[in-house]
Amino acid sequence: MAQFDRNSQKENRPRASEPNFNWRGVILIVIAFTLIAMAMVFYRGGMQPVEDVPYNRFLELLENKQIVNDKNYPLQLVVEDGRPTQTLRGAYIRQGIGSAPAQPMPFRTTVYLSFTNNLQEKLAAAGMQPAIKTESNMLAQTLVGFLPIALFLLVLYFLFRQQIRMAGKGALNFGKSKARMLARDKNKITFRDVAGVEEAKDEVQELVEFLRDPKKFQKLGGRIPKGVLMVGPPGTGKTLLARAIAGEADVPFFSISGSDFVEMFVGVGASRVRDMFEQGKKSAPCIIFIDEIDAVGRHRGHGVGGGHDEREQTLNALLVEMDGFDTQEGVIIIAATNRPDVLDPALLRPGRFDRQITVNLPDVKGREEILRVHAKKVKLAEGVDLAVVARGTPGYSGAELANVINEAALLAARRGLKGITLSELEEARDKVRWGKERRSLALSEKEKQNTACHEAGHALLLELLPHTEPLHKVTIIPRGPSLGSTMWLPEEDKYTNRKNELLASLAVKMGGRVAEEIVFGDVTTGAAGDIKMATAMARKMVCEWGMSEKLGMVEYGEHEDYVFLGRELTRNRDYSEATAEEIDREVRRLLDDAYQTAKQTLIANRDHLDAIAKTLLEYETLDGSQIKELIKHGQLRNPPPTVTPTSGEKMAPEKPPRQVVVGPEAPPLPGALGGAPA
């Protein structure tokens, strides 16, 4: 078990969600508008001020002898091709204002040819002879008209240049690898941050030594494994262990998910595989970590309708690259999955993934180490013994243990405590595994009586029957999906179960239904989860574990935790119909025997059953020691504090699904028999 913390080291890369103010774009816009204004001014007559004089005003100036032939502003008649107007340019004497002297003022006027046929005569009478100037400024007009558009497009280009480049890059780089590189100075995780997986750390230690000193192995002819496949349940720290290997070896660490290879475009996945290996060779020595490799490495040819062509091409490229990969280059492939059963056999053969490392759930010592690692980040109260919490969390993964510490810290903060006590840790443990107490769920008195009787039957059988696990707690407070729960915790980690223990477990599962029948003379739907789990356990005893004397030590049928879609549809049963009927009869016999055992035991101890149910109605939650007091003395000598009903009990009652939260047929896991009756 490893501390599970994939995001403990953040990569320092700019955040796309935090845009910066584009000063360069603003400056470009200002320059563009300035150029446009200058062009318009130039087109309108240059930088010098020119007065636009109406033609009638011009005639008055001409009659008053105010039109002059100034050398700086000679009189010109500009004739433009293809236009019905002419422009007359020149200067007139503008009278001064106050003491200011009169001065020539440049002007221009527009002469409409259709209305002014005698302009030449009037100018000749005034002694004026304008110079005729012909202009053809079609090109200039076109350029000036197009200039604003060109400047606008240029500004847009500079503003969105980066986006345009990225768009082109994305269109041309579909086949580039999406592997994220964690540089040496960014990876601070070492084996000190990984707890509970001592065997796995020992196996990968030689990988670290090879990356540190490859010549040590090469001079003896040794060959380091090309690939290492880490297999284990979710939350056991496979990713963290791979990152710790890179941190210990002080080499670059490439991380990619199996789903990053497959895209909607055919051939992209294979191209990304090749590019990923090319990047690895350039950065050698390094580690390439492929998380959830089952997304791309699934068994070829399985499933309804055949295989997925794109995924199979990607897998073929991965097989070819790993087969031709030279381990002397110092690049090691590490992959992680919790579905090793679905991987293609060609991927697991020696020469590709030479070594498989199993990262199991931690034992009690490993759980204590993991709790200590996570407890460094929070403040514990004095006297808190994490060994007690470790013994009470069998079957918890590293992720669940981290969640226990976090939930305990949140709970202590809500209560206003200065440190996390053992009480918060135990409550967080129950919440993580069995759900939060739902005290706001209103139950009628009849529902409470049924629930108390049901849970009392489970609890009493756990205490009275031999070969059972110690009772931890029984409650009629709704928790998670159930209305009540009976929880047991093993004294030590268990990896196998004896037949007598399984038979006793079947009887305990029947205790809730039997107690209802004895007390009320009727049964409810609350035992649905108990029946489902008991039936599954009995069938495994007969078909998988060889615990039926009549059917013997024979496995009947292929039993896989995970099956491919399609394989299950085409599977042929490897035993006859007569054998199937015999299996059903044997499963029924085991369940009936367990029911009779539970019924006889509860009838013989009816007074204890009633006492436990009555006390549960009063206190709602009892632990194992208090149940023992009730059985031994008939009453509680150290009663728990009475629970004050919450205001939520005024709500209308509802009926959540009844089911068992965790069952004892899974040996490493603590049990909780739920499913209170309706």
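Throughout, read-outs are computed from the coordinates displayed, never taken from laboratory work. From a predicted model like this one, the values you see are computed outputs, not experimental measurements. Here the Cβ is made from the backbone with ideal geometry for all residues, glycine too, and neighbour counts use every protein chain on show.
For ASP354, the amide hydrogen comes within under 5 Å of the amide hydrogens of LYS226, GLY227, counting only partners 5 or more places away or on other chains and with H modelled in the peptide plane. Distant-in-sequence amide contacts of MET230, defined by a placed amide H-H separation under 5 Å and a gap of 5 or more residues or a different chain, comprise ALA335, ALA336, THR337, ILE357.
Placing pseudo-labels 7 Å out from each Cα toward the beta carbon at ASN316 and THR535 gives an inter-label distance of 4.6 nm. Full extension of the chain between THR496 and PHE146 yields a length gain of 117.5 nm, computed as 0.36 nm times the residue separation minus the alpha carbon distance. Sorting the segments 410-422, 498-510 by their mean number of nearby beta carbons within 10 angstrom, highest to lowest, gives 498-510, 410-422. A cut-off under 11 angstrom between Cβ atoms defines the neighbours of LYS418, and their net charge, with Lys, Arg +1 and Asp, Glu -1, is +1. What the phi angles of segment 412-418 give under the Karplus curve with 6.51, -1.76 and 1.60, with θ = phi - 60°, is a coupling list of 5, 5, 5, 7, x, 7, 8 Hz, glycine and proline written as x. Working note: Karplus 6.51/-1.76/1.60 with θ = phi - 60° gives segment 422-427 the couplings 5, 4, 5, 5, 5, 5 Hz, where Gly and Pro are set to x.
For segment 405-526, a/c is not less than 1.5, where a ≥ b ≥ c are the root eigenvalues of the C-alpha gyration tensor, and a/b does not top b/c. That puts it in the oblate class. Our estimate of slack between ASN406 and SER625, defined as 0.36 nm per intervening residue step minus the Cα-Cα distance, is 76.0 nm. Using a cut-off of 31 Å between Cα atoms, the listed pairs LYS65/LYS133; LYS238/LYS473; LYS188/LYS379; LYS448/LYS632 include LYS238/LYS473 as exceeding that distance. With a simple spin-label model that places each label point 7 Å from the Cα along the Cα-to-Cβ direction, the separation between LEU156 and ALA413 comes to 4.9 nm. Between GLU445 and ILE31, the simple spin-label model (points 7 angstrom out along Cα→Cβ) gives 8.8 nm. A full extension of the chain between SER259 and LEU617 corresponds to an added length of 123.7 nm, given 0.36 nm per residue minus the alpha carbon distance.
A cut-off of 5 Å between modelled amide H atoms, ignoring neighbours fewer than 5 places along the same chain, links GLU80 with THR87, GLU135.
Using the Karplus relation 6.51 cos²θ - 1.76 cosθ + 1.60 with θ = phi - 60°, the per-residue 3J(HN,Hα) values for segment 283-300 come to 9, 4, x, 7, 10, 10, 10, 10, 8, 6, 5, 5, 5, 10, x, 5, 4, 6 Hz, with x marking Gly and Pro.
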